[in-house]
Amino acid sequence: QVQLVESGGGLVQAGGTLRLSCVASGSILRINRMGWYRQVPGKQRELAALITAGGATMYAASVKGRFTISRDNAGNTVYLEMNSLKPEDTAVYSCNVQYIPSKGAWSPLDSWGAGTQVTVSS
């Protein structure tokens with residue numbers, strides 16, 4: 001089993017900053033990429049940001065320029081620095097990791113965190 005533990009969510013005023021963290025642990029040989037998804041009621045889940053093992057990053061247009069994703073490979077940790085937060089950023093943010101297991105599979109697998117609530121007040 002692979003576990004993802006998320007932290008950093010909470011309530012913040014518009015214009016404020018939050019940093020989300022996600023720590024992966026378990027039978028992991030290699031992590032290919034890590035990302036943060038978000039979902040609000042009545043909306044489709046969207047990828048907010050991701051980072052690959054090689055350090056390449058990608059952002060949703062709605063967060064580009066405000067959010068920064070980074071990765072600590074040694075600690076299997078991914079961060080999402082969220083600046084200039086807007087009320088429309090309010091969502092449940094979930095960490096996703098694509099990884100190669102140390103045993104039991106030969107193809108990449110996915111693991112999901114339970115999600116952390118981010119609420120931005122106006």
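Some notes on this structure:
- Note on the range 82-99: residues that are in a loop (DSSP other than H, G, I, E, B) and crowded, with 21+ Cβ neighbours inside 10 Å total 1.
- Gly8 vs. criteria loosely packed, with under 14 Cβ neighbours inside 10 Å and of a type in the set (Gly, Ala, Ser): no
- Search result, residues across the range 100-122 that are without any contact (Cβ under 8 Å) to a residue 60 or more places away in the chain and surrounded by 12 or more Cβ atoms within 10 Å (Cβ to Cβ): Ala105
- Residue check, Glu81 within 17 Å of Glu6 (Cβ to Cβ) and among the acidic types (Asp, Glu): yes
- Single residue of Thr52, Thr17, Thr68, Thr77 found to be polar (S, T, N, Q) and over 23 Å from Thr119 (Cα atoms): Thr52
- In the range 38-70, of all residues being part of a loop (DSSP other than H, G, I, E, B) and of a type in the set (A, V, I, L, M), the one that is least open to solvent (accessible area, probe 1.4 Å) corresponds to Val63.
- The residues of the range 51-79 that are among the aliphatic types (A, V, I, L, M), closer than 14 Å to Ala24 by Cβ and modelled with pLDDT of 95 or more, listed by number, are Ile51, Val78.
- Residues of the range 85-117 satisfying the condition of being among the small types (Gly, Ala, Ser), in contact with a Ser or Thr (Cβ under 9 Å, 6 or more places away or on another chain) and farther than 19 Å from Leu50 by Cα: Ser102, Gly104
- Scanning the range 16-37 for residues that are more than 12 Å from the chain's Cα centre (by Cα), open to solvent by less than 40 Å² (accessible area, probe 1.4 Å) and closer than 27 Å to Ser122 by Cα turns up Gly16, Leu18.
- Search result, residues across the range 15-37 that are within 17 Å of Tyr93 (Cα to Cα), assigned to a strand (DSSP E or B) and either in contact (Cβ under 8 Å) with a residue 60 or more places away in the chain or in contact with a Lys or Arg (Cβ under 6 Å, 6 or more places away or on another chain) (or both): Leu18, Arg19, Leu20, Cys22, Ala24, Arg33, Met34, Gly35, Trp36, Tyr37
The values are calculated or read from the model by the stated rules, or taken from the named source; none is laboratory data. A quick note: this is a predicted structure, and the numbers were derived from the prediction, not measured. All Cβ positions, even for glycine, are placed from backbone atoms using ideal geometry, and neighbour counts span all protein chains on display. Just so you know, the surface numbers come from the protein's heavy atoms only, side chains and all, with ligands and any DNA or RNA stripped out. Shrake-Rupley method; radii C 1.70, N 1.55, O 1.52, S 1.80 Å.
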